[in-house]
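Heads up: the structure comes next, in structure tokens.
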Amino acid sequence: MKLHFAGFKDEVGSPVNEGLNALRYAESLGHEQPILFGYTPLARMNPFQGLLYKSFWNEGFAVTPVAKASNFDKLVALKEFASTVAVHLHWHSAVLAGASSRGEARSRLADFRDQIDSFKQSGGKLVWTVHNLLPHDAKFVDEEIELQAFIADSSDVVHTMSHSTVEAMNGLLTLDAKRILMAPHPSYLGGYEDYVSRHEARVTLGLREDETVYVILGALKPYKGLREFLAGFDEFAAQARPDHKLIIAGEPDGSAEVMEFVKLAKRHPQVLIDDRKIPASLVQYYMRAADFSVVPYLRSLNSGAALLGATFGLPVIASRQGSLTEVLGEEFAEFLPDDSPRGIASALMRAQRLRKPEANEAASTFAAQLAPSTVSTAFARSLRSRLLPAGTQTPANHAGTAFSASL
């Protein structure tokens, strides 16, 4: 029999076939009437979802991917085999993406509303994670705001990854406190290969031991403040010793602004750029070669990049955006006061205080506190108590456990 990777692409019978497989597997673990828990859209290049759901199977969930996001409602056909059917909606940018006119955007919005209403009326439950203030490439902002408000009002559970999310969304969205469930973004411990040494990573990338190295890793997009950070980096490097290098690794989004930045970076004597979709196997080389992880975003609510840096024990230089000031501690983080060259340069100068083992240890400790198994277990238990009726049987000693204050 040929090996088949179920759930990696939309196929005939998806996502019901994958849901049935998940239910059978959960029952083989001893879970009768598990929660059928679909998630969409899929982020296969980022291990975030796999880490977030790491412990769900032990908590009575049958977790199943929905490869084509618009098919999420089909899972409700399996409700007789599960205690409940829930769909976890992560990013909703695909609903309006590609709309060529406001009229088309509104038509898509209406269709999505009908689909959600039908899913809910059929007994399905909706979980939504507030990842961003708005989709990064939003074209029809009013419709995106209306879409978010509808999703929030339709969700049985609204998952936020920081306590500051509600305040950050003010002016865009009002969240019902009774529906909110806070569960932090897990660190990436175990999510990426991590066996090369700092020395091997630096030799591989052509770096010297006496150079101070900063890394920006992730898709290259205008909102990430790349040009602004490079201007500040230049001002800082001009007044500091000339042994500072900046690694930029990620796939450009194709916008004119980013493509012009890539050309500039390729000519810059202190910048090393890898402008492609970065294979997971190479992430450890960039992170182990670096002294600092940089998250210079112009707008952001949550940042996996900040968690990735801490996972590799790196001090983080980040914008004062979204949840970053709440999540990151000053013992391993320095914040950019603004996006001006002078402000960035001053922050880079202050960040040199973190060139010490204590800062690396603090970053690693922070990542360990947000270990995927810890976050996932607490999230699953809290979700279970929200999704099932009061008094429903839960796994032994697992009922209604809340998140600890440290998370």
Margin query: With θ taken as phi - 60° and the coefficients 6.51, -1.76 and 1.60, list the Karplus ³J(HN,Hα) couplings across the range 355-363 in order, rounded to whole Hz; mark glycine and proline as x.
Written below: 7, 7, x, 4, 5, 4, 5, 5, 5
Notebook entry, point to check: Across the chain, where is the longest run that never hits GluC sites (Glu not before Pro) in a DSSP loop with at most 10 other C-beta atoms within 10 Å?
Noted result: 210-407
Next item on the list: In nm, give the distance between the simple-model label positions of Q115 and D194, each being 7 Å from the Cα along the Cα-to-Cβ direction.
Entry: 3.7
Check: Sorted by packing (mean other beta-carbon atoms within 10 Å per residue), highest first, where do 121-128, 107-114 land?
Finding: 121-128, 107-114
Next item on the list: List, in order, the whole-Hz ³J(HN,Hα) value for each residue of the range 266-274 obtained from phi through the Karplus relation with A = 6.51, B = -1.76, C = 1.60 and θ = phi - 60°; use x for Gly and Pro.
Entry: 5, 8, 7, x, 10, 10, 10, 10, 10
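Pulled fully out, how much extra length does the chain show between E211 and D137, if you take 0.36 nm times their separation in residues and subtract their Cα-Cα distance? Before the final figure, lay out each step's value.
Numbers: separation 74, 0.36 × 74 = 26.64 nm, distance 3.58 nm.
That pair, E211 and D137, stretches by 23.1 nm at full extension.
Which trypsin sites (Lys or Arg not before Pro) does the range 291-387 hold that lie in a coil by DSSP with at most 13 other beta carbons within 10 Å? List each step's numbers first, then the result.
Numbers: sites: R299, R320, R342, R350, R353, R355, R381, R384, R386; in loops: R299, R320, R355.
Here the trypsin sites (Lys or Arg not before Pro) that fit, given the DSSP loop and packing criteria, are R320, R355.
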Notebook entry, point to check: Taking the Cα centre of each part, how many Å lie between the range 1-55 and the range 62-127?
Noted result: 16
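Please order L264, L217 by the number of other Cβ within 10 Å, starting at the fewest.
Numbers: L264 14, L217 21.
So the ranking, lowest neighbour count to highest, is L264, L217.
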Check: Just the Cα atoms of the range 198-369, one point each, no solvent: what log10 I(q)/I(0) does Debye give at q = 0.13, 0.18 Å⁻¹?
Finding: -0.57, -1.20
Next item on the list: Please work out whether the range 190-260 counts as rounded, prolate or oblate from its C-alpha gyration tensor, where a ≥ b ≥ c are the square roots of the eigenvalues and a/c under 1.5 means rounded, while otherwise a/b larger than b/c means prolate and anything else oblate?
Entry: oblate
Notebook entry, point to check: In whole Hz, what ³J(HN,Hα) sequence does the range 206-219 give by Karplus (6.51, -1.76, 1.60; θ = phi - 60°), x for Gly and Pro?
Noted result: x, 9, 9, 5, 8, 9, 8, 10, 10, 10, 10, 10, x, 3
Check: So which trypsin sites (Lys or Arg not before Pro) in the range 5-89 pass both tests, a DSSP loop state and at most 14 other Cβ atoms within 10 Å of the Cβ?
Finding: K9, R44
Item checked: Members of K68/K277; K224/K266; K54/K125; K54/K221; K68/K139; K74/K125 lying beyond 24 Å, as alpha-carbon distances in this model show -> K54/K221
Check: Given H placed 1.01 Å from N in the peptide plane, which residues other than close sequence neighbours of T212 have an amide H under 5 Å from its amide H?
Finding: H244, K245
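Give the shape of the range 218-316 as rounded, prolate or oblate, defined through the alpha-carbon gyration tensor: a ≥ b ≥ c are the square roots of its eigenvalues, a/c under 1.5 means rounded, and otherwise the shape is prolate if a/b is larger than b/c and oblate if not. Let's see the in-between values first.
Working: a/c = 1.33, a/b = 1.05, b/c = 1.26.
The shape class here is rounded.
Specify whether the C-alpha gyration tensor of the range 13-64 places it in the rounded, prolate or oblate class, a ≥ b ≥ c being the square roots of the eigenvalues: rounded for a/c under 1.5, otherwise prolate if a/b is larger than b/c and oblate if not.
On the way: a/c = 2.65, a/b = 1.34, b/c = 1.98.
It comes out oblate by the Cα gyration axes.
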Check: For the chain, what is the calculated [θ] at 222 nm in deg cm²/dmol (nearest 500), taking -39500 (n - 2.57) for each run of four or more DSSP H residues and dividing by its residue count?
Finding: -11000 deg cm²/dmol
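Bear in mind that the values in this text are calculations on the coordinates, not laboratory data. As the structure is a computational prediction, the values presented were derived from the model and not from experiment. Every residue, glycine as well, gets a Cβ built from its backbone with ideal geometry; the counts of neighbours run over all protein chains shown.
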